[in-house]
Amino acid sequence: MLRIAVPNKGSLAETAAEMLAEAGYTGRRDPKDLHIIDPVNEVEFFYLRPKDIATYVGSGALDVGITGRDLLLDARMPGAREIESLGFARSTFRFAGRPGRYSDVADLEGVRIATSYPGLVDAFLDGHGVAADLVPLDGAVESAIELGVADAIADVVETGTTLRQAGLDVFGPAILESEAVLIGAPTEADGTETLLRRLRGVMVARRYVLIDYDLPAHLVDQAVAIASGIESPTISPLRDPAWVAVRVMSPRKTVNQVMDSLYAIGARAILVTPIHNARL
């Protein structure tokens with residue numbers, strides 16, 4: 001059986017569980033369960049702290065896992081490898097300090113930096129030839145400067161509102177653009193490719209919808225220029241030879257603009273259908 005590590009709580013847990021369910025796997029129903037077997041799909045799920053998943057997978061104790069790229073890099077487990085980005089839980093890591101105090105990474109030489117990701121930050125600083133004193137904290141690092149335990153911080157930045165409220169400004173380049181990723185052990189286990197194919201199908205289904213519409217046959221080229229699909233639209237004849245039926249996959253985020261454009265050139269009976277899953 002394929003042994004899969006899944007986040008048991010936090011921002012990654014809910015969406016990871018939803019993706020696995022949409023991919024056809026049976027997960028836990030009780031949040032207290034830490035180990036579930038899905039015999040139909042020949043997998044075992046182990047529900048673990050997100051920060052520990054890279055350690056279990058990198059050591060080979062488990063075959064694959066879902067965690068954040070930030071947590072993977074912070075763990076510094078040589079055996080753990082990123083297999084695929086999963087398109088959710090995106091975040092950006094930046095340095096921040098008092099306004100005007102720092103402007104670049106080089107300014108951090110010898111500075112105390114508070115962070116919840118010391119492995120990640122240390123590797124970034126090493127790559128820039130900067131030696132700093134890291135102060136590991138478990139969350140709420142924006143208070144570290146005010147309380148005098150650090151001179152700068154390295155943390156997740158979304159809108160920057162929390163940092164501004166703490167009287168801090170971001171500076172320097174981004175440390176990391178992170179998101180949820182599927183990671184694997186040093187040796188690929190049987191079933192990994194099936195899991196990956198299913199998760200990719202879920203990601204495609206979340207990004208695309210199906211558009212069906214009727215169209216005067218002489219306008220097909222114009223319609224295809226508006227919505228070309230993944231490979232090519234499906235064109236089917238109607239009883240009226242002057243018209244055709246068209247089916248095409250289109251990005252979900254622009255579907256309303258596509259519908260407007262198709263209608264403007266003469267398409268009618270335009271229908272949009274969600275995609276539950278896909279294999280491309």
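The table below lists the values:
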item: Euclidean distance between Cα centres, segment 32-95 to segment 256-276, Å; result: 39 Å
item: Relative contact order (%) - segment 207-280, alpha-carbon pairs under 8 angstrom, separation at least six; result: 48 percent
item: 5 angstrom amide H check on G79, placed H, neighbours 5+ away; result: none
item: Crossing angle, helix 255-265 versus the chain [Cα axis fit, 0-90 degrees, rounded to tens]; result: 30 degrees
item: Placed amide H near E84: partners under 5 Å, 5+ positions off or other chain; result: L182
item: Accessible area in the full protein assembly, largest first, 1.4 Å probe, for E177, E193; result: E177, E193
item: Nearest-10 value in Å² for the accessible area of V204, using the 1.4 Å probe; result: 20 Å²
item: Residue order for F46, F171 - accessible surface, 1.4 angstrom probe, largest first; result: F46, F171
item: Straight-distance crosslink candidates among lysines, where the alpha carbon sits under 19 Å from K32 and sequence neighbours closer than 8 are dropped; result: K9, K51
item: ³J(HN,Hα), Karplus 6.51/-1.76/1.60, whole Hz, each residue of segment 79-96, x for Gly, Pro; result: x, 7, 10, 6, 9, 7, 7, 10, x, 9, 6, 6, 7, 10, 9, 9, 8, 8
item: Accessible area (Å², 1.4 Å probe, nearest 10) - I230; result: 80 Å²
item: Calculated volume of the Cα convex hull per residue in Å³ (choose from (i) 135; (ii) 179; (iii) 108), label; result: (ii)
item: Global geometry of segment 143-265, whether rounded, prolate or oblate, following the gyration tensor of its Cα atoms and the 1.5 cut on a/c; result: oblate
item: Vicinal HN-Hα couplings computed from phi for segment 188-198 (Karplus, 6.51 cos²θ - 1.76 cosθ + 1.60; Hz; Gly/Pro x); result: 5, 8, 4, x, 5, 5, 5, 4, 4, 4, 5
item: Derived scalar couplings ³J(HN,Hα) [segment 125-134; Karplus, 6.51 cos²θ - 1.76 cosθ + 1.60; whole Hz; x for Gly, Pro]; result: 5, 4, x, 9, x, 10, 9, 10, 9, 7
item: Unit charges on C-beta of K, R, D, E only; dipole of segment 49-169, Debye; result: 180 debye
item: With every protein chain in place, the chain: carbon and sulfur % of accessible area (1.4 Å); result: 50 percent
item: Accessible area of H128 in the full protein assembly, 1.4 Å probe (Å², nearest 10); result: 100 Å²
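The values are calculated or read from the model by the stated rules, or taken from the named source; none is laboratory data. Just so it is clear, the model here is predicted, and its values are computed rather than measured. No Cβ is skipped: glycine too gets one built from the backbone with ideal geometry, and neighbour counts run over all protein chains shown. When the accessible area is computed, the model is the full protein with side chains, heavy atoms only, and any ligands, DNA or RNA have been set aside. Shrake-Rupley method; radii C 1.70, N 1.55, O 1.52, S 1.80 Å.
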